[in-house]
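Only one structure is covered here, and it is reproduced in the block below.
The values are calculated or read from the model by the stated rules, or taken from the named source; none is laboratory data. This one's a predicted model, so the numbers in the text were calculated from it and none came from an experiment. Cβ sites come from the backbone with ideal geometry, for glycine too, and all protein chains shown count toward neighbours. When the accessible area is computed, the model is the full protein with side chains, heavy atoms only, and any ligands, DNA or RNA have been set aside. Shrake-Rupley method; radii C 1.70, N 1.55, O 1.52, S 1.80 Å.
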Amino acid sequence: MAVPKRYYITTPIYYVNDVPHIGHAYTTLACDVLARFMRLDGYDVRFLTGTDEHGQKVEKAAGAAGIAPQAFTDRVSQNFRDLAKVMNYSNDDFIRTTELRHTKACQAIWKALLDAGDIYLGSYAGWYAVRDEAFYAESELVEGKAPTGADVEWVEEPSYFFKLSAWQDRLLQFYERNPDFVAPRSRRNEVISFVKGGLQDLSVSRTTFKWGVPVPGAPAHIMYVWLDALTNYITSVGYPDTKNDLYSKFWPANLHMVGKDILRFHAVYWPAFLMAAGLEPPRRVFAHGWWTSEGQKISKSLGNAIMPADLVQTYGIDQVRYFLLREVPFGQDGDFSRAAMIRRMNTDLANDFGNLVQRVLTQVNRNCDSAVPEHGEYTAADLAMLKPAHELVDRMRAQFREQAFHLALDAMWEVVSLANRYVDAHAPWALRKTDPARMATVLHVLVEVIRHLGILAQPVTPDAAARVLDQLGLGPDERGFDRLGIAHALAPGRPMPKPAPVFPRYAGEGEAAKG
Ligand code: MSP
């Protein structure tokens with residue numbers, strides 16, 4: 001029997017103490033692009049995002065805003081749902097940790113851990129950083145602060161513990177058997193050396209504040225916000241009902257996408273919790289890098305957070321989506337600068353891809369009766385143009401499998417450049433009078449190349465790609481990857497609507513020059 005093509009991808013759930021900025025938009029964008037790619041490739045996809053609404057940090061932010069935590073989270077969580085519209089995300093579920101389905105899942109995993117003998121009651125005395133919602137050992141502190149630079153406070157309270165120390169060997173074995181579990185590779189080494197360094201039992205309940213999921217049977221305790229938050233990934237597929245359709249179809253998740261700052265929670269604590277509860281760990285965790293803004297760390301106090309809605313309004317949605325995934329090798333840190341954004345928008349999108357589409361489709365419209373041109377025999381040059389277009393999907397698949405978005409886009413733009421050179425070399429406009437049959441063949445080859453590029457551009461630039469495919473006259477069922485290749489080449493004579501520009505240049509050119 002064929003292996004079912006299923007794909008479950010998740011974003012971290014976002015703390016609602018703050019409004020979303022470009023860093024948050026980035027994590028979800030990467031997931032959205034993968035989700036769209038896999039859907040077009042015939043997979044049954046589930047794409048989850050949401051908000052992390054419990055814990056001391058959110059409780060404090062609500063206090064500072066002078067409203068009750070629930071009303072506060074209702075308001076800020078909405079900003080993240082609005083972001084999904086602004087950034088054109090295609091998520092299938094949006095989870096809030098204050099929902100009843102999630103409380104039930106959290107309490108169920110707690111009971112499973114307790115029944116397994118992995119949770120015991122003790123008391124915690126040590127450092128806690130509210131900003132990171134994380135406990136730190138004295139030895140980890142740097143000049144009285146958390147290694148992340150967050151302020152720490154001394155906490156002493158009764159607490160339940162998870163026996164993390166007992167999972168060291170099993171975790172190391174798990175990483176050994178699943179070499180692709182943590183990516184990129186350098187991060188995997190980091191995780192392994194952390195675990196080899198020895199694991200302390202983890203405090204998993206708090207008693208000195210109230211904003212969280214109550215521990216079943218011990219109402220003075222609320223669950224540690226990270227145990228609560230991580231559980232969202234199984235809540236969404238119906239846990240604790242592991243027999244239901246969603247759970248059996250989609251768990252274990254194929255990919256948890258996270259920023260490098262929260263890798264430890266996902267690659268160490270989460271698989272340990274799951275294995276202890278008798279559940280399967282996810283297949284892969286990818287830790288991406290961080291964005292700075294014009295060379296500076298993005299921070300509330302510097303007031304330099306870049307708001308996704310502003311960017312989209314200034315440069316366009318697909319331009320922003322393309323820039324974020326093309327500019328910086330995925331996995332590394334990167335810097336956002338307006339000059340770089342405008343350069344990508346004008347060069348890659350408007351000049352290279354946009355012009356290609358525009359000049360080819362305009363010629364088809366003028367010189368081929370607005371219909372797919374007839375083609376004669378292909379020359380070696382035609383085949384050398386078609387082949388890389390036909391093979392592009394395989395190259396992109398391989399890069400997407402590794403979450404190497406920038407390389408997938410590189411591969412695509414190689415075909416774009418090749419096509420521009422092919423147009424120049426074969427100058428179809430000059431053939432109109434001298435050899436109209438040859439002109440038609442050249443334009444046919446180019447229409448096919450554009451069809452491939454348009455179909456493959458859908459995950460990253462969905463709106464613009466849809467406009468390209470509209471201009472080729474493709475129906476909704478002609479846009480999947482199953483339509484790629486010569487077998488599905490457009491039949492000559494099919495009508496093609498009037499072309500219109502797809503990728504505008506940035507209007508405020510002065511700003512581009514400044515960069
Ligand atoms: N609530 C936790 C995650 C729980 S998942 C079970 C959390 N939330 S967060 O809102 O602080 O961060 C969410 C994601 O945004 C993280 O993956 C983080 O790396 C990412 N980013 C926040 N700022 C960022 C940049 N400046 N650049 C890139 N990503 C950044 O952690």
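A few notes on this one:
- Search result, residues across the stretch 122-131 that are open to solvent by 30 Å² or more (accessible area, probe 1.4 Å) and either more than 28 Å from residue 220 (Cβ to Cβ) or within 29 Å of the chain's Cα centre (by Cα) (or both): 131
- Pairing each residue of the stretch 237-264 that is more than 19 Å from residue 226 (Cβ to Cβ) with any residue that is β-branched (Val, Ile, Thr) and within 15 Å of the ligand (Cβ to nearest atom), provided the two are 6+ apart or on different chains, yields C-beta distances under 7 Å for 246/237; 247/237; 250/237; 251/234; 251/237; 254/9; 255/9.
- Residue count for the stretch 64-103, restricted to those that are of a type in the set (A, V, I, L, M, F, W, C), in contact (Cβ under 8 Å) with a residue 40 or more places away in the chain and outside any loop (DSSP other than H, G, I, E, B): 8
- With respect to being in contact with a helix residue (DSSP H, G or I) (Cβ under 7 Å, 6 or more places away or on another chain) and open to solvent by 30 Å² or more (accessible area, probe 1.4 Å), residue 177 falls outside the description.
So that you can scan it fast, the table gives a plain yes or no per residue for (1) in a helix (DSSP H, G or I); (2) at pLDDT 95 or above; (3) over 28 Å from residue 320 (Cβ atoms); (4) open to solvent by less than 30 Å² (accessible area, probe 1.4 Å):
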{"position": "409", "(1), (2), (3), (4)": "yes, yes, no, yes"}
{"position": "420", "(1), (2), (3), (4)": "yes, yes, no, yes"}
{"position": "452", "(1), (2), (3), (4)": "yes, yes, no, yes"}
{"position": "460", "(1), (2), (3), (4)": "no, yes, no, yes"}
{"position": "463", "(1), (2), (3), (4)": "yes, yes, no, no"}
{"position": "474", "(1), (2), (3), (4)": "no, yes, no, yes"}
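- Criterion: within 21 Å of residue 29 (Cα to Cα) and at pLDDT 95 or above - qualifying residue of 258, 213, 268, 225: 258
- Residues in the stretch 21-52 that are within 27 Å of residue 204 (Cβ to Cβ) and in a strand (DSSP E or B) were compared, and the one that is nearest to the ligand (Cβ to nearest atom) is 52.
- Residue match in the stretch 431-442 (condition: under 26 Å from residue 41 (Cβ atoms), out of contact with any Gly (no Cβ under 6 Å at 6 or more places or on another chain) and surrounded by fewer than 22 Cβ atoms within 10 Å (Cβ to Cβ)): no
- Where a residue in the stretch 104-127 is under 26 Å from residue 237 (Cβ atoms) and its partner, wherever it lies, is exposed (fewer than 13 other Cβ atoms within 10 Å of the Cβ) and of a type outside the set (Val, Ile, Thr), with Cβ under 8 Å and at least six apart: 112/278; 116/278
- Scanning the stretch 1-15 for residues that are open to solvent by 10 Å² or more (accessible area, probe 1.4 Å) and more than 7 Å from the ligand (Cβ to nearest atom) turns up 1, 2, 3, 4, 5, 6, 7.
- Segments classed as helices (runs of 4 or more DSSP H), wholly inside the stretch 169-260, with at least 1 members that are closer than 27 Å to residue 115 by Cα and of a type in the set (Asp, Glu): 225-230, 245-250
- Filter result for residue 18 (within 16 Å of the ligand (Cβ to nearest atom) and open to solvent by 10 Å² or more (accessible area, probe 1.4 Å)): yes
- Count - residues of the stretch 349-363 that are under 29 Å from residue 401 (Cβ atoms) and open to solvent by 20 Å² or more (accessible area, probe 1.4 Å): 1
- Residue tally, condition open to solvent by 20 Å² or more (accessible area, probe 1.4 Å) and among the aliphatic types (A, V, I, L, M), over the stretch 302-338: 6
- Residues that are open to solvent by 10 Å² or more (accessible area, probe 1.4 Å) and touching a helix residue (DSSP H, G or I) at 6+ places or on another chain (Cβ under 6 Å), drawn from the stretch 213-232: 216, 226
- Failed criterion for residue 55 (all others in (1) over 24 Å from residue 312 (Cβ atoms); (2) within 15 Å of the ligand (Cβ to nearest atom); (3) surrounded by fewer than 19 Cβ atoms within 10 Å (Cβ to Cβ) hold): (3)
- Criterion violated by residue 306 - all others in (1) modelled with pLDDT of 95 or more; (2) of a type in the set (Val, Ile, Thr); (3) within 10 Å of the ligand (Cβ to nearest atom) satisfied: (1)
- Flag for residue 153 being more than 26 Å from the chain's Cα centre (by Cα) and over 23 Å from residue 218 (Cα atoms): yes
- Residue match in the stretch 264-284 (condition: assigned to a strand (DSSP E or B), aliphatic (A, V, I, L, M) and more than 11 Å from the ligand (Cβ to nearest atom)): no
- Hits in the stretch 233-245 (condition: in contact with a Phe, Trp or Tyr (Cβ under 7 Å, 6 or more places away or on another chain) and open to solvent by less than 10 Å² (accessible area, probe 1.4 Å)): 234, 237
- Of the residues making up the stretch 371-406, those that are in contact (Cβ under 8 Å) with a residue 60 or more places away in the chain, out of contact with any Lys or Arg (no Cβ under 8 Å at 6 or more places or on another chain) and part of a helix (DSSP H, G or I) are 382, 385, 386, 389, 390, 392, 393, 396, 397, 400.
- Candidates 260, 249, filtered to the one that is within 16 Å of the ligand (Cβ to nearest atom) and of a type in the set (Lys, Arg): 260
- The stretch 292-301, subset part of a loop (DSSP other than H, G, I, E, B), over 24 Å from residue 82 (Cβ atoms) and not charged (D, E, K, R), residue least open to solvent (accessible area, probe 1.4 Å): 295
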